[in-house]
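Q: My questions all concern the structure below.
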Amino acid sequence: MLRSKIKRSPNSPKGEFGRFKAPKDDEKLSWTMHVVQKMMYYGISEGLVRRVIHTPARVEEGVAPETLAVMQSTGGKHKKEVWVMYQPLKVKTKIGRPKLRVITAWRYPGVSPVRAAIPIPHDILLELMGGGETSFELPQ
């Protein structure tokens, strides 16, 4: 239904909208139609979205349930940020990582305020700090 609303050039092959080439699903990423529309609107390439996901400068909890939002700074004199929101799926890739569903991407003019840090469970935090021994029982 959403695909019919996007204007395509009559000579462009399927999956291309003018000069913009829509990303295709692969083993690691699944793309929603919403993110394709936002990439066209903000002029964000598939490679930039992949780079932001792979090496984020900041990671925050997404506004939607069970999502993450990642950011990288762009621009020189005029600071901008590129944000990508994705959701890890239950499907695993060949290397054991979860497949990611890319939900949306956007540009933020300027520097966005830092939200609350991602909550880390107390027992994991103690283990990372080296302050406490963690014990567990094996299931019988």
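Values in this text are rule-based calculations from the coordinates and carry no lab data. Everything numeric here is computed off the predicted structure, so don't read it as measured data. Don't worry about glycine lacking a Cβ; one is built from the backbone with ideal geometry, like all the others, and counts go over all protein chains shown.
Q: If each of Ala64 and Lys80 carries a label point 7 Å out from its Cα toward its Cβ, how far apart are those two points in nm?
A: 2.4 nm
Q: For region 71-114, what's the relative contact order in percent, using C-alpha pairs closer than 8 Å and at least 6 residues apart?
A: Worked out over region 71-114, it gives 39 percent.
Q: Rule-of-thumb check for region 19-129: C-alpha Rg over 2.2 N^0.38 Å?
A: Cα Rg divided by the expected 2.2 N^0.38 Å: 1.15.
Q: What is region 19-129's relative contact order, in percent, from Cα pairs under 8 angstrom and six or more apart in sequence?
A: Reported as a whole number, the value is 26 percent.
Q: Assigning unit charges at the beta carbon (Lys, Arg +1; Asp, Glu -1) and nothing else, what dipole magnitude in debye, to the nearest 20, does region 19-129 show about its Cα centre?
A: For region 19-129, the charge dipole is close to 600 debye.
Q: Exposure proxy check: Arg115, Arg101 ranked by fewest other beta carbons within 10 Å?
A: In increasing order of surrounding Cβ atoms, one gets Arg115, Arg101.
Q: 7 Å from Cα along Cα→Cβ at both His122 and Thr32: what's the point-to-point distance in nm?
A: With each label placed 7 Å out from Cα toward Cβ, I get 3.4 nm.
Q: Kindly provide log₁₀ I(q)/I(0) values, in the same order as q = 0.30 Å⁻¹, from the Debye equation applied to equal alpha-carbon scatterers of region 18-57.
A: Taken in order of the listed q values, log10 I(q)/I(0) reads -1.20.
Q: A follow-up question, please. If the limit is 27 Å between Cα atoms, which of Lys38/Lys90; Lys79/Lys99; Lys38/Lys77 go over it?
A: Checking Cα-Cα distances, Lys79/Lys99 exceed 27 Å.
Q: Which distance in nm do the two modelled labels at Tyr41 and Asp25 give, with both placed 7 Å along the Cα-to-Cβ direction?
A: In this crude label model, Tyr41 to Asp25 measures out at 2.3 nm.
Q: When the chain is fully extended, how far beyond the present Cα-Cα distance does His54 get from Arg107, taking 0.36 nm per residue of separation?
A: 17.3 nm
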